[in-house]
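Q: Once you've had a glance at the structure underneath, I'll fire off some questions.
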């Protein structure tokens, strides 16, 4: 199969550099995660809503694998590589930085998706991500990052229990980035 590859990257790396710095700093010092404070603030503010913004129990995060047609089986999550174990904490959201693939053909085919992601070092795949990037490029935005609270898997499962929490985590991380931007603490 032939792919038509497009690559987008901001011309101004201010926002991606702040995001990567926050991520790297949190790996060295787990207490340096300002977004955790914002998650708690958001949960307090959103109490009483129709959905819960609390972190669901880990056993509700199920992973499936397609085995053909509409058939799928539950599988365990991949084991964290030894070199990465110090970066992960149980019950705490993980921040990942890297390339995101997009496109219907790779989204719909498990083997193709895994091959493509490995070949191009993609940390995620999104079915409609390319349309968002086309808009950003067309509007000439010079610095940008995509922050996604991931709760759905490409096996077709939608984890509605995790969606509110994941969206809150994404918003909290964005707030942490905004607060690190030059002039963020300036008063009018």
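Throughout, read-outs are computed from the coordinates displayed, never taken from laboratory work. These numbers come from a predicted model, not from an experiment. Methodologically, a virtual Cβ is constructed for each residue, glycine included, from the backbone with ideal geometry; neighbour enumeration extends over all protein chains shown.
Q: Kindly provide the Kirkwood hydrodynamic radius of the range 1-90 in Å, to one decimal, from all pairs of distinct alpha carbon atoms.
A: Its Kirkwood hydrodynamic radius stands at 17.9 Å.
Q: Can you compute the FRET efficiency between residue 72 and residue 148 using 1/(1 + (r/R0)^6), with r the Cβ-Cβ distance and R0 = 22 Å? Round to the nearest 0.05.
A: It comes to 0.45.
Q: Report, in cubic angstrom per residue, the convex hull volume of the C-alpha atoms of the range 75-154.
A: Dividing the Cα hull volume of the range 75-154 by its residue count gives 136 Å³.
Q: Let me ask something else. Run the simple label-point estimate for residue 65 and residue 108 please: 7 Å along Cα→C-beta, distance reported in nm.
A: Placing both labels 7 Å along Cα→Cβ, they lie 2.3 nm apart.
Q: Relative contact order of the range 90-188, please, whole-number percent, based on alpha carbon pairs below 8 angstrom and at least 6 residues apart.
A: Relative contact order comes out at 20 percent.
Q: Further, regarding this structure: Just to be sure I understand the model, the point goes 7 Å from the Cα along the line to the Cβ. What's the resulting residue 99 to residue 29 distance in nm?
A: 3.4 nm
Q: Roughly how many whole Å is it from the C-alpha centroid of the range 57-75 to that of the range 88-164?
A: 18 Å
Q: What nm value, rounded to one decimal, do you get for the distance between residue 54 and residue 120 when each label is placed 7 Å out toward the C-beta?
A: It works out to 4.0 nm between the two label points.
Q: So, one more: Fewest to most neighbouring Cβ within 10 Å: what's the order for 11, 94?
A: 11, 94
Q: Let me ask something additional. Round to the nearest 0.05 the FRET efficiency obtained for residue 4 and residue 41 when R0 = 35 Å and r is the Cβ-Cβ distance.
A: 0.20
Q: For every helix of n ≥ 4 consecutive DSSP H residues, a contribution of -39,500 (n - 2.57) applies; sum these over the chain, divide by its total residues, and give [θ] at 222 nm rounded to the nearest 500 deg cm²/dmol.
A: -11500 deg cm²/dmol
Q: Compute a Gaussian network model of the chain, connecting alpha carbons closer than 10 Å, and tell me which residue from 16, 34, 78 fluctuates the most.
A: Maximum fluctuation in the GNM of the chain, among the listed residues, is at 78.
Q: Taking 8 Å as the Cα distance limit and 6 or more residues as the minimum spacing, I'd like the relative contact order of the chain as a percentage.
A: 31 percent.
Q: Mean shadow of the range 105-188, computed from the convex hull of its alpha carbons, in nm²?
A: 7.8 nm²
Q: While we're here: Given N residues in the chain, what is Rg(Cα) / (2.2 N^0.38 Å)?
A: Computed over Cα atoms of the chain, the ratio equals 1.12.
Q: Length gain on complete extension for the stretch residue 130 to residue 21, per 0.36 nm per residue less the alpha carbon to alpha carbon distance?
A: 36.7 nm
Q: Let me have the relative contact order for the range 16-110, percent, based on Cα pairs under 8 Å that are six or more residues apart.
A: Relative contact order for the range 16-110 comes out at 20 percent.
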